[in-house]
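Everything on this sheet refers to the single structure shown next.
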């Protein structure tokens, strides 16, 4: 990764970014059993985003939640025209949720973060400051507010990723990242689980994309329990790491990315195959990627869809 040469150059670059044309921004919130957090997170985003982007949208991806996340997402989508809700019929995994959100994104920059309120969305401005100069800007948690076992897991994972894939990022799984839309013309997402951040950054690194890191704050969860550190998830991630290593050996610069692939590629991890049906919501299934490019749908259909 190329770093700027001096603090003076950094200040000049930031000033240049701030004087540029205002950005248009898609914000993705993957959510699984976040009934206690999702409304707070969306309301916080609605206060911040008008200050940061000329045009913006919020995409809620409910990954088969078993609590009240589903009706809350629908209420938010009905209440606010800039909010859309995508529902996975079953829990498919973090990577699958992120993929659905990216496929539904319409705007120039794509940002994602978690729905649990552990990040300060006002710090998104610090990422936007760099976003025109780097294809990917990723946060790294200055002081991670997680239990000790999660910190140990993260250190071990980061070390292993550096050794196996050569991706030298301080905090590869930090859920506070912004991408130029063009990234996904070349980068694919096959992982449906916790491996997704590693998969994206490893491909970007192999393509020579510029990646910049920005320090961000991290706070304890407001409510609920994290779902990404159980042994089953960790074991699956290790298996996918070595599978990804094998896949990267065959990646070429001609690879069609997520936005340029007509037929879905084989995914890794536990998932339900998308069946491609395209009917009206209300108990049936609507594929998120098709909904995102169909302006003829009613406002209700645009703001609420199901992806199996």
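Sorting 261, 41, 252 on the 10 Å Cβ count, fewest up front, what's the list? Display every interim value, and only then the final one.
Values: 261 15, 41 24, 252 7.
Fewest-to-most ranking of 261, 41, 252: 252, 261, 41.
Roughly how many nanometres apart are two label points built 7 Å out from the Cα toward the Cβ at residue 82 and residue 142?
2.7
Computed FRET efficiency, Cβ-Cβ of residue 239 and residue 126, R0 22 Å: what is it to the nearest 0.05?
Efficiency computed from Cβ-Cβ geometry: 0.05.
Counting only the backbone N, which residues of the range 167-192 are under 18 Å from the spot 7 Å out from the Cα of residue 249 toward its beta-carbon?
From the range 167-192, the list is 167.
When only alpha-carbon atoms are used, what values of Rg and Dmax, in angstrom, describe the range 47-116?
12.3, 35
Taking the number of other C-beta atoms within 10 Å as the exposure measure, put 40, 109, 94 in order starting with the fewest.
Fewest-to-most Cβ neighbours within 10 Å comes out as 40, 109, 94.
Tell me, 132, 100 in order of fewest to most beta-carbon neighbours within 10 Å?
So the residues, fewest neighbours to most, are 132, 100.
Computed from the coordinates by the stated procedures, all read-outs in this text should not be read as laboratory data. Being a predicted model, the structure only gives us computed values, none of them experimental. For neighbour counting, all protein chains shown are included, and Cβ atoms are generated from backbone atoms with ideal geometry for every residue, glycine included.
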